[in-house]
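Inspection log for the structure reproduced underneath, given as structure tokens.
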Amino acid sequence: MIGPVAGRLFSADWFSHGEEFPWSTVEIVSISEAIMALGSYPKVVFGCRGNRYEMSSVHLSFYTEHSFSNLIDTLKSEKHEDRKYFSPAKLQDPRYDELPLSIRVLLEAAIRKCDDFYVRKEDVETILDWRRQQGSAEVPFSPARLLLQDFTGIPAMVDLAAMRDAVARQGGDPSQVNPKCPTDLIVDHALQIDFGKCAIQNAPNPGGGDSQATPVKSTPAKPRGCGPQRSCSKGACNDPPSTSAPAAAVQIENTPLLCPFHLQPVFEPEIALKNQEKELIRNRERLQFFKWCSQAFKNVNVVPPDISAVHQVNLEYLCQAVQEHEDFVYPDSVVGTDSHTTMVNGLGILGWGVGGIESEAVMLGQPVTLTLPKVVGCKLLGSVNVLATSIDIVLGITKHLRQAGISGKFVEFFGPGVSQLSAPDRTTIANMCPEYNATVSFFPVDDVTLKHFKQANFSEEKLELVEAYLKAVKLFRSYQDLGEDPHYSEVIEIDLSSIVPHVSGPKRSQDRVEVSNMKKDFLNCLNEKVGFKGFHIPVEKQTTLMPFLHGSREYQLTHGSVVLAALISCTNNCNPSVMLAAGLLAKKAVGAGLSVRPYIQTSLAPGSGMVTHYLSASGVLPYFSQLGFEVVGYGCATCVGNTSPLPEAVVNAIKQGDLVACGVLSGSRHFEGRLCDCVRANYLASPPLVVAYAIAGTVSIDFETEPLGLTPEGKEVYLRDVWPSREEVQHTEENMVISSIFRELREKMKRGNKLWKDLEASEAELFPWDPKSTYIRCPPFFNKLTKELCEPQPMENAHALLFLGDMVTTDHISPAGSIARVSAAAKYLQSKRLTPREFNSYGARRGNDAVMTRGTFASIKLQNRFVGKAGPKTLHVPSGQIMDVFDAAERYQRDGIPLIILAGKKYGSGNSRDWAAKGPYLLGVRAVIAESFEKLHKNHLVAMGIAPLQFLPGQSADSLELSGKEKFSLCIPKDLSPGQEITVKTSTGKTFQVIASFENAVDMVFYKHGGILKFVARNALP
């Protein structure tokens, strides 16, 4: 019934009836699983010397007494029911009061979850002894819940469905394969902009779309201005998509948005509805799978499309501050596959991002294992500059913490300056902690947080419970009381008054530029050599002007011209103040007679319909529309590369003039080439600055001395003339936003999505895999699964599949955007008789290993030293041929040749992508030798059974004079341990040492099992 767990034996003294069993050879079950099973079954069956024995609840009655039952206390209430909780204070250990509050959350979870198997008493003592154990000891953490978004959630759920198949093949009960941890899956990353402004009408979305698919049941909105009385041969705007191409459209300046078929006005509600309908048609197979998951798996909650972005749902709906289960209360906590999971730390809820691989282990009840972190205390002092937005504060703090070198540490905020920050400000700051490589940025709950929860429509009983419980376990803070300050590993002080507005770019988010110095910095970028900031444009070409026609009017582009301006969901829309500031700026700009040039690709893709609601309620939404920032839908769009093409005339002008055109967006990521191939400079900016640069039409402007634009009368208008004051923004936020956001979202969650409700899905225990599907495919990870553990084998005469440099990101390794028509993935899809319009994106097809393996290293910006120019190509060393990375890997695997990757510094930087590890594994890569790794991606490599090997300090492929064309032999010892040096021999006679960059014993277990998936699956076998 329950799978064996190696290394544990039941003790004979557990039995009170004198049964005699040959204990020395018993292959036993997990104790925690046995206890769980006895809650539903009268007996548990286990094996011993080929015989079967039964264990009843009597035999486990001794063990069911919790190891820390003496710490159970009662939280009494005069108005409501009493609750029980584990009180660490009852340990009567002075060390508890010295712990950072984030570490206290880890301690409470360890006490509550202690079963002397997954979590041991020694783990509790280790956490309590944090001051001495920090940075070295490994501890478990069992989060209260798990958060998945659809891009990273679909491979996790597909693997879980495949695991059901594997367990069934081995004679097990597939219905027992369920998430043990409450799991929320939010479908929000599939949105692509098919309907919107300008170029959206000129060409189909590069992600394509299934124009021939049967539409899901829906009730389209009544068309406006484009109805049955027409000479056009197309159907009405609300008719199902046609198979023929849309007619070419011309967008006239200062006219409404046009229907892509009839060149008639289409207003915002129709735009959002049409994008939603297109999303549901394009992703029908994926959505049917998600609906099957919601019905087949216990403990899974699926939030359907067009409700909200994952981090918005997490903040606005799922966050509970304090969780309740079986009369016990405990702190809310979460791990998630979305890179924005850390936002909840701004509300005093401990949480961080994990990969899809680790999430599957959490779903099955295993705790996350982490090195007991050092905690950096970030003391905030001073007063916030009146012109600085929360984004400026975010980037200012990011700069300080990045320079402090806090990789892998917790950051906990304290000091009198914290009280000046609203709850939305704190969540925005907490969101950016991956940018400086901290695990979390934690703001303990205080009166400001409680006020936020009240505005979030927490009931009176819930508010009383939250405050009483958090104070009882000393997780509540008064930032003005210095006596409450805990002990920190180190303290960093930041003066808030010193923070001034910045943008980040043009290629990396860590390259911050003061807005007052933006023009000078951009000109320097034009002069610098090609690199992280430079474009190396000859001086005589820096003043190039390229005229072009858009509509019936001539415009000019030059270096620095803005051609794309996007207000998107990442980072900013969780904070109403910055979106309201942008809206108030838009209102003042329109009032002054300013406008945005019509060729600039503008869009507003909020993370939640609540953003639209409060922008409308505050009266600023119409002014966004007048400047071209139309609501195109809800979900991640531009931020994950799902942007629509620029007008052809604009693209031609950029290419003919070799211009450094610019994109400005309010996100948290902007890797080169991610937004659009021809947009070489991309800047992250606060939402009001996105609007400002869109109006200016260029980033090469000094806002202090140069006007933003001219009124119709020719009067100069400066940024300071239209910039809203902090008091204006806060007044609007407090009176029109917070409570309505949460009330409306809860009502929307209750109403649900009609298109989702009407979607048909299987109700079987096993998912009915469709062999013709190009979205959902049973992955091959369990094809050769056995109960026996196979030790890692030596790598003899391995070839390097790729020879890479520094800062290879997960975008380079596993793209999430559109599928290029000449890629290996495109060839596969074409072999399945799909047209380019039907390709969709890599992110949407993460449930198909055949697509994702072919998409591995398919980025057009991949710099492979074997090839010498950017692109998804590599050298097949034996033949000397240059070919697609997938084709080369396929030839190596066919010839039985193991593969490695050579890389430079910070291999795997960027967003968490499980396919950035799964893809290389399926290509045949068994080791990556790099100068350094991004921590989370390194963990993913280990979890897939790929060895992360690091050059010795001061060494690199260049210093060792490696060409990459050698054959490499690595002897992996059976007793391999973290940090052990391994000898690498090459076919040229060169020998060098590398470090096995594993972090702990758990890493070693996963690696020796061939990855965490096989480890978890083995424990589920009968």
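At a glance:
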{"item": "Single match in Asp811, Asp770, Asp849 (criterion: among the acidic types (Asp, Glu), buried (at least 24 other Cβ atoms within 10 Å of the Cβ) and in contact (Cβ under 8 Å) with a residue 12 or more places away in the chain)", "result": "Asp811"}
{"item": "Test result for His812, in the same structural domain as Val885 (by the TED database) and in a helix (DSSP H, G or I)", "result": "yes"}
{"item": "Qualifying positions in the stretch 856-878 - farther than 18 Å from Leu962 by Cβ, assigned to a loop (DSSP other than H, G, I, E, B) and without any contact (Cβ under 8 Å) to a residue 12 or more places away in the chain", "result": "Lys869, Gly871"}
{"item": "Lone unmet requirement of (1) open to solvent by less than 10 Å² (accessible area, probe 1.4 Å); (2) under 30 Å from Asp658 (Cβ atoms); (3) touching a Leu at 6+ places or on another chain (Cβ under 8 Å); (4) at pLDDT 95 or above for Val562", "result": "(3)"}
{"item": "Members of the stretch 495-532 that are over 28 Å from the mean Cα position of the chain (by Cα), open to solvent by less than 20 Å² (accessible area, probe 1.4 Å) and either aromatic (Phe, Trp, Tyr) or closer than 18 Å to Cys378 by Cβ (or both)", "result": "Leu496, Phe522"}
{"item": "Of all residues making up the stretch 402-422, the number that are under 20 Å from Asp485 (Cα atoms) and in contact (Cβ under 8 Å) with a residue 40 or more places away in the chain", "result": "11"}
{"item": "Condition broken by Asn70, with the remaining ones in (1) touching a Phe, Trp or Tyr at 6+ places or on another chain (Cβ under 8 Å); (2) farther than 24 Å from Phe410 by Cα satisfied", "result": "(1)"}
{"item": "Residue within the stretch 347-364 that is open to solvent by 10 Å² or more (accessible area, probe 1.4 Å), modelled with pLDDT of 85 or more and in contact with a Lys or Arg (Cβ under 6 Å, 6 or more places away or on another chain) present", "result": "no"}
{"item": "Sole exception among (1) buried (at least 21 other Cβ atoms within 10 Å of the Cβ); (2) under 16 Å from Leu148 (Cα atoms) for Ala321, by number", "result": "(2)"}
{"item": "Residue check, Lys409 among the basic types (Lys, Arg) and crowded, with 22+ Cβ neighbours inside 10 Å", "result": "yes"}
{"item": "Whichever residue in the stretch 934-965 is open to solvent by 60 Å² or more (accessible area, probe 1.4 Å) and farther than 26 Å from Asn1000 by Cα and, among such residues, is farthest from the chain's Cα centre (by Cα)", "result": "Glu961"}
{"item": "Residue match in the stretch 830-838 (condition: surrounded by 23 or more Cβ atoms within 10 Å (Cβ to Cβ), in contact (Cβ under 8 Å) with a residue 24 or more places away in the chain and not acidic (Asp, Glu))", "result": "no"}
{"item": "Residue selected from the stretch 157-175 under the condition out of contact with any helix residue (DSSP H, G or I) (no Cβ under 8 Å at 6 or more places or on another chain) and in a loop (DSSP other than H, G, I, E, B), by the criterion most open to solvent (accessible area, probe 1.4 Å)", "result": "Gln170"}
{"item": "Among the candidates Ile154, Ile111, residue that is in contact with a Phe, Trp or Tyr (Cβ under 6 Å, 6 or more places away or on another chain), surrounded by 19 or more Cβ atoms within 10 Å (Cβ to Cβ) and touching a residue at least 24 places away in the same chain (Cβ under 8 Å)", "result": "Ile111"}
{"item": "Any hit, the stretch 895-908, residues being more than 21 Å from Thr986 (Cα to Cα), hydrophobic (A, V, I, L, M, F, W, C) and either in the same structural domain as Lys507 (by the TED database) or part of a strand (DSSP E or B) (or both)", "result": "no"}
{"item": "Candidate set from the stretch 883-916 (those that are charged (D, E, K, R) and touching a helix residue (DSSP H, G or I) at 6+ places or on another chain (Cβ under 9 Å)); member that is surrounded by the fewest Cβ atoms within 10 Å (Cβ to Cβ)", "result": "Asp887"}
{"item": "Residue list for the stretch 469-489, filter: closer than 19 Å to Val375 by Cα and hydrophobic (A, V, I, L, M, F, W, C)", "result": "Leu475, Phe476, Leu482"}
{"item": "The stretch 320-346, subset modelled with pLDDT of 90 or more and in a loop (DSSP other than H, G, I, E, B), residue farthest from Ser441 (Cα to Cα)", "result": "Gln320"}
{"item": "Residue in the stretch 314-322 that is of a type in the set (Asp, Glu) and closer than 22 Å to Lys454 by Cα present", "result": "yes"}
{"item": "Residue under evaluation Glu81, criteria (1) more than 29 Å from Val362 (Cα to Cα); (2) among the acidic types (Asp, Glu); (3) open to solvent by less than 70 Å² (accessible area, probe 1.4 Å), criterion not met", "result": "(3)"}
{"item": "Filter pass, Arg865 being more than 30 Å from Arg169 (Cβ to Cβ), at pLDDT 90 or above and out of contact with any helix residue (DSSP H, G or I) (no Cβ under 9 Å at 6 or more places or on another chain)", "result": "yes"}
{"item": "Residue that is nearest to the chain's Cα centre (by Cα), among those in the stretch 119-151 that are open to solvent by 30 Å² or more (accessible area, probe 1.4 Å) and among the acidic types (Asp, Glu)", "result": "Glu138"}
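The values are calculated or read from the model by the stated rules, or taken from the named source; none is laboratory data. Being a predicted model, the structure only gives us computed values, none of them experimental. Note that each Cβ is placed from the backbone with ideal geometry, even for glycine, and that neighbours are counted across all protein chains shown. Ligands, DNA and RNA are excluded from the accessible area calculation, which covers all protein heavy atoms including side chains. Shrake-Rupley method; radii C 1.70, N 1.55, O 1.52, S 1.80 Å.
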